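The values are calculated or read from the model by the stated rules, or taken from the named source; none is laboratory data. Quick caveat: nothing in here was measured; it's all calculated off a predicted structure. Neighbour counts are summed over all protein chains in view; Cβ atoms, including those assigned to glycine, are modelled from backbone coordinates with ideal geometry. Calculation scope for accessible area: heavy atoms of the full protein, side chains included, ligands and nucleic acids excluded. Shrake-Rupley method; radii C 1.70, N 1.55, O 1.52, S 1.80 Å.
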Amino acid sequence: MILDYPLRFQPIFRRYLWGGRRLATVLGKTLPEGDDYAESWEIVDHRADQSMVVAGCFAGWTLGDLVRQHGAALLGRHHPQPQFPLLFKFLDAQRDLSVQVHPNDVQAARLTPPDRGKTEAWIVLYAEPSSRIYAGLQAGVDEDALRHHLWQGTLPAVLHQFEPAAGDVVLVPAGTVHALGKGLVVAEIQQASDTTFRLFDWKRIGPDGKPRPLHIDQALAVIDFDRGPVGPVMPEATTRPDVERLVNCDKFILDRWQLTDPQPLGGDQRCHLVAVLAGATRVDRDATENLLARGETALMPAQAGPINVSPNGGTATLLDIYLP
Ligand SMILES: [Zn+2]
């Protein structure tokens, strides 16, 4: 079997109190009954959380199995890897999410069990008026000031915050205090890690009648107090007029394509993660043709070479994410 075609995976839905139905209404996902759909994990290979291929000769394989047994074909120049290094999901935040921070790679490697660090980036897909993003501390806030506000229960007073608009992109490096506010639907690309230290939970009570645990000491140990306020990124032009670079960090590169006519994607000995945000996109591979609808994600294995992508009428917006 040759791993040379666009891989589609079964989304893994996560239901939490803070979810809703906007993954269906904003992104066009087919959701079962229920009004608490918080996350759709599109691409994941982290311990027991495994994306599963839905079509082609690798149908039924997990992403972890592909990385282990067909790593060179999948990852190209980035082979070998112990796991797929990135995790991609959509989120529907109907309530403010907890204020949290993630460790970097060095800090996470010392944990039991060891994990990766977590640098993440958000692409805002929908924002209710007056919704908020909290990213970074206000300038000059040091550990003593932060401890004081944690003790007083006034942490939000020292968080940098802004009102996001659809299309905004925010890079949240490991060590940055952050929270997504209510009323947002975002796409999130992150290192494949599950280590979160919660600093503040808006004084809420959990479903069991108790506040959720906080991890103040662990959080304070990994906060980058030099980070300061974090705002939306300024997209940069690329050599291709229809492609802008949103993020170029040492963990991932994130490009946004405004596709009006057929273009080759990939062919650089890398695996590409492609997510469609608007307009359906045709993904052609030899004689076979796939249609990626809005809200759908695929992995283009390195071995597939360049793959033609084209809008299915009009313009399509897609994210192209890959390792540096
Ligand atoms: Zn986070």
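Yes/no per residue for (1) over 18 Å from ILE43 (Cα atoms); (2) surrounded by 15 or more Cβ atoms within 10 Å (Cβ to Cβ):
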| position | (1), (2) |
| --- | --- |
| GLN258 | yes, yes |
| LEU265 | yes, yes |
| HIS272 | no, yes |
| GLY279 | yes, yes |
| ARG285 | yes, yes |
| PRO301 | no, yes |
| ASN308 | yes, no |
| GLY313 | yes, no |
| THR317 | yes, yes |
Among (1) more than 21 Å from GLN190 (Cα to Cα); (2) at pLDDT below 95, VAL26 falls short only on (2)
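If we scan the stretch 70-81, do we find a residue that is in contact with a strand residue (DSSP E or B) (Cβ under 6 Å, 6 or more places away or on another chain), open to solvent by less than 60 Å² (accessible area, probe 1.4 Å) and in contact (Cβ under 8 Å) with a residue 12 or more places away in the chain? Talk me through it step by step, then tell me what you get.
Residues of the stretch 70-81 in contact with a strand residue (DSSP E or B) (Cβ under 6 Å, 6 or more places away or on another chain): none.
No, that holds for no residue.
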Which members of the stretch 23-64 meet the condition of being basic (Lys, Arg) and either open to solvent by less than 20 Å² (accessible area, probe 1.4 Å) or touching a Ser or Thr at 6+ places or on another chain (Cβ under 9 Å) (or both)? LYS29
So how many residues does the stretch 110-128 have that are open to solvent by 10 Å² or more (accessible area, probe 1.4 Å) and either within 13 Å of the ligand (Cβ to nearest atom) or touching a Pro at 6+ places or on another chain (Cβ under 9 Å) (or both)? 7
Got at least one residue in the stretch 198-218 being under 28 Å from THR25 (Cβ atoms) and among the small types (Gly, Ala, Ser)? yes
Scope the stretch 157-171; condition within 11 Å of LEU137 (Cβ to Cβ) and under 16 Å from the mean Cα position of the chain (by Cα); matching residues: none
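Specify the residue that is least open to solvent (accessible area, probe 1.4 Å); the eligible residues are those in the stretch 173-219 that are of a type in the set (Phe, Trp, Tyr) and away from the ligand (no atom under 11 Å from the Cβ).
If we filter the stretch 173-219 for residues that are of a type in the set (Phe, Trp, Tyr), which is where we start, we get 197, 200, 202.
Those left that are additionally away from the ligand (no atom under 11 Å from the Cβ): 200, 202.
Values: PHE200: 21, TRP202: 54 Å².
The residue in question is PHE200.
Out of everything in the stretch 225-253 that is in a strand (DSSP E or B) and not small (Gly, Ala, Ser), what residue ends up being surrounded by the most Cβ atoms within 10 Å (Cβ to Cβ)?
Step one: list which residues in the stretch 225-253 are in a strand (DSSP E or B), which gives 236-237, 243-248, 253.
Going one step further and asking which of them are not small (Gly, Ala, Ser), we end up with 236, 243-248, 253.
Values: GLU236: 11, VAL243: 18, GLU244: 17, ARG245: 15, LEU246: 24, VAL247: 21, ASN248: 13, ILE253: 18.
Result: LEU246.
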Here are some conditions: (1) over 22 Å from the mean Cα position of the chain (by Cα); (2) in a strand (DSSP E or B); (3) among the aromatic types (Phe, Trp, Tyr). TRP122 meets all but one. Which one does it not meet? (1)
Here are some conditions: (1) open to solvent by 10 Å² or more (accessible area, probe 1.4 Å); (2) more than 16 Å from the ligand (Cβ to nearest atom); (3) over 19 Å from MET234 (Cβ atoms). SER131 meets all but one. Which one does it not meet? (1)
Among the residues of the stretch 177-192, the number that are part of a loop (DSSP other than H, G, I, E, B) and closer than 12 Å to GLY231 by Cα is 0
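Being within 16 Å of the ligand (Cβ to nearest atom) and closer than 17 Å to ARG227 by Cα: is that true of LEU146 here? Give the derivation first.
Values: within 16 Å of the ligand (Cβ to nearest atom): no; closer than 17 Å to ARG227 by Cα: yes.
In short, no.
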Pair list, Cβ < 7 Å and 6+ apart or interchain, from the stretch 193-214 residues that are part of a strand (DSSP E or B) to residues that are hydroxyl-bearing (Ser, Thr, Tyr): ARG198/SER98; PHE200/SER98
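Quick check, is LEU91 more than 16 Å from the ligand (Cβ to nearest atom), touching an Asp or Glu at 6+ places or on another chain (Cβ under 6 Å), closer than 30 Å to LEU3 by Cα and touching a residue at least 12 places away in the same chain (Cβ under 8 Å)? Show your work before the answer.
Working: more than 16 Å from the ligand (Cβ to nearest atom): no; touching an Asp or Glu at 6+ places or on another chain (Cβ under 6 Å): yes; closer than 30 Å to LEU3 by Cα: yes; touching a residue at least 12 places away in the same chain (Cβ under 8 Å): yes.
Criteria not met by LEU91.
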